[in-house]
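Here the structure comes first, spelled out in structure tokens, and everything after it is commentary.
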Amino acid sequence: MPNDKTGEINVNVLVVGCGRLGRRLAEMLDQNGDDVAVIDSDPLNFLQLSDAFSGLTVTGVPMDMKVLQSAGIESCDAVAVVTPDDNLNITVSQIAREFFHVENVVARISDPARENVFKSFGLRSVCHTKMAGDAIFASLTQPWEAKYLTFGTSSMAFHSRRVEPDQVGLDAKHLPCEENEVVLGAVHTNGTVDLCRPGQALPLQEEDQVLFARVVD
């Protein structure tokens, strides 16, 4: 990744943290053809990277400006901060945004209560605790497995709930929803799907599965 003309390191994506999540992300980016650099304070973590990984590894404290520079942050397009420490992730994310002017910065957080802290600093985050909780809840309480899709840096969950006997005949759009949840439509027993459309009623039938969607983070 060194630039022969300038001597600088060219990095598309910098991954801060080489735990299980950081390794997985770095390997995915590397396989995608991105120029990847990974920072971690423990060099032993780099030994867990795949033999096929062709990116750069840098040992050092992630919030150290010189360590970040040696990993090529000044030329990178995006930074993913995925250490297990929420406070460290906030600090490194701010450094990447404020000092190195990287616009595309995404951080991992474990505590859902800290999402507002990230938002107050204008930082984007992914809360794996909330995503895992939603997935387990769906597996326990809903007959069909929830599906997740990511758009930009936001993840959406899609799941279903069976129509209750007292809901048969009601318009699907009028069903009660959880916070930040919307009704998408209904799956009928014959396998067909009807979507909720503006100005058009969707009466629910017995044994229907109602489709819901909501933003996870």
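Each Cα pair under 8 Å and six or more residues apart adds its separation to the average, and for the stretch 52-109 the resulting relative contact order is 34 percent. Each of Ser120 and Asp171 was given a label point 7 Å from its Cα along the Cα-to-Cβ line. The distance between the two points is 4.1 nm. Considering only Leu184, Phe99, Leu211, the residue lying farthest towards the positive end of the dipole of the chain is Phe99, judged by Cα position with unit charges set on Cβ. You can think of it this way: the chain between Glu179 and Arg20 has 54.1 nm of extra reach, that is 0.36 nm per residue less the Cα-Cα gap. Averaged over residues, the count of other Cβ atoms within 10 Å places the peptides 208-216, 167-175 in the sequence 208-216, 167-175, highest first. The Rg/Rh ratio for the chain, using Cα coordinates for both the radius of gyration and the Kirkwood hydrodynamic radius, is 1.12.
Leaving ligands, DNA and RNA out of it, report the carbon-plus-sulfur percent of the accessible area of the chain at a 1.4 Å probe. Its accessible area is 52 percent carbon and sulfur atoms.
In the chain, the calculated helix contribution to ellipticity at 222 nm averages -7000 deg cm²/dmol per residue, counting -39,500 (n - 2.57) for every DSSP H run with n ≥ 4.
Accessible area per residue of the stretch 32-86 at 1.4 Å probe, in Å²?
Per-residue accessible area for the stretch 32-86 comes out at 51 Å².
The residue list Val38, Val163, Met28 was ranked by how far each Cα lies along the charge dipole of the chain toward its positive end, using unit charges on Cβ atoms, and Val38 comes out on top. In straight-distance terms, cross-link reach from Lys66 covers every one of the aspartates and glutamates whose alpha-carbon lies under 17 Å from its own, apart from those fewer than eight places away in the same chain; here that gives Glu8, Asp40, Asp42, Glu74, Glu98.
For the chain, what's the relative contact order in percent, using C-alpha pairs closer than 8 Å and at least 6 residues apart? Over the chain, the number comes to 13 percent.
The values are calculated or read from the model by the stated rules, or taken from the named source; none is laboratory data. Computed from a predicted model, the values in this text were never measured in an experiment. All Cβ positions, glycine included, derive from the backbone under ideal geometry; neighbour counts span all protein chains shown. For accessibility, only protein heavy atoms count, side chains too; no ligands or nucleic acids. Shrake-Rupley method; radii C 1.70, N 1.55, O 1.52, S 1.80 Å.
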